[in-house]
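Structure record follows, encoded as structure tokens.
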Amino acid sequence: MGALIEFQDVCKTYHMGDTIVRAADHISMSVQQGEFVAIVGQSGSGKSTCMNIIGCLDVPTSGTYLLGGRDVGQMDKNELAAIRNQMLGFIFQQYNLLPKLTLLENVEVPLMYAGVPRAERRERAKIALELVGLGGKLKHKPQQLSGGQQQRVSIARALVGEPAVILADEPTGALDSHTGREVLTMLQKLHDTGNTVVLITHDNSIAVQAQRIIRLEDGRVVYDGDAHAPEAVVTPGAAGKGAGQ
């Protein structure tokens with residue numbers, strides 16, 4: 001079976017005035033089903049561009065991105081929206097919960113878009129919230145929760161559609177270190193139960209929670225390997241030295 005996520009020589013360029021910015025520069029990488037991979041890099045490294053392409057929020061300028069064997073670059077906006085909803089569960093830094101909806105209703109949102117009947121939506125959302133330890137707060141609104149609890153709601157929302165990939169973009173960025181560790185532990189548990197997790201982060205100490213690190217600099221892959229190998233760790237100011245270059 002092929003990779004679940006596959007980049008084949010992916011480039012993404014943007015025009016800024018007369019300047020062409022190469023945000024992704026001939027990136028080739030793959031993620032197999034059941035892996036826990038961190039894509040790590042500083043601001044401007046290309047990690048957000050990769051996140052947008054993996055999440056079907058953008059398409060490559062050149063090269064090929066295959067998600068579940070399907071060529072995302074050939075899809076129109078409706079097809080991109082459909083594959084996003086079918087295959088991807090998103091966890092964002094800012095939670096992106098709807099303040100006027102209860103927790104149960106927030107978690108139901110992806111299932112509404114997928115056309116799941118109301119009774120089934122309710123039941124699946126309830127199970128997802130129980131899974132993240134919030135089964136007793138179904139009727140609460142987001143503002144009644146702590147930041148860590150809100151992030152757990154967003155994890156439940158990501159899980160409820162049973163996606164092929166959980167895509168977590170700086171999921172601990174708005175949290176204190178203790179709550180951030182709880183969220184990372186939850187991602188590890190999801191991986192332990194067979195979920196494919198792709199974590200986007202600028203923070204080395206978070207990246208090493210994954211099995212594997214793909215490190216980006218200037219739109220290129222400079223390291224792809226075991227998260228716990230000595231060369232996976234980059235000290236501040238030494239990026240690029242010994243990191244697969």
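Go through the stretch 186-230 and give me each residue that's of a type in the set (G, A, S) and within 14 Å of G46 (Cα to Cα). Scanning the stretch 186-230 gives a single hit, G219. Of the helices (runs of 4 or more DSSP H) lying entirely inside the stretch 1-114, those carrying at least 2 residues that are at pLDDT 95 or above and more than 25 Å from G173 (Cβ to Cβ) are 103-113. Every listed requirement among (1) free of Cβ contacts under 8 Å to residues at least 40 places away in the same chain; (2) under 28 Å from Q32 (Cα atoms); (3) hydrophobic (A, V, I, L, M, F, W, C); (4) buried (at least 17 other Cβ atoms within 10 Å of the Cβ) is met by A81 save one, (4). Quick one: R121 ticks every box in (1) farther than 30 Å from D9 by Cβ; (2) of a type in the set (K, R); (3) in contact (Cβ under 8 Å) with a residue 24 or more places away in the chain except a single one, so which number is it? It fails just one condition, (3). So in the stretch 1-34, with the set limited to residues that are out of contact with any Leu (no Cβ under 8 Å at 6 or more places or on another chain) and among the acidic types (D, E), which one is surrounded by the most Cβ atoms within 10 Å (Cβ to Cβ)? My answer is D25. Can you pull out the residues in the stretch 51-65 that are surrounded by fewer than 20 Cβ atoms within 10 Å (Cβ to Cβ) and of a type in the set (V, I, T)? Correct list: V59, T61, T64.
In the stretch 10-47, the qualifying residues are those that are among the β-branched types (V, I, T) and in contact with a Cys (Cβ under 9 Å, 6 or more places away or on another chain), and the one that is nearest to V233 (Cα to Cα) is I39. Tallying residues that are charged (D, E, K, R) and more than 11 Å from the chain's Cα centre (by Cα) within the stretch 150-179 yields 4.
The values are calculated or read from the model by the stated rules, or taken from the named source; none is laboratory data. Every value quoted in this text rests on a predicted model; they were computed, and no experiment measured them. Neighbour counts run over all protein chains shown; Cβ positions are idealised from the backbone, glycine included.
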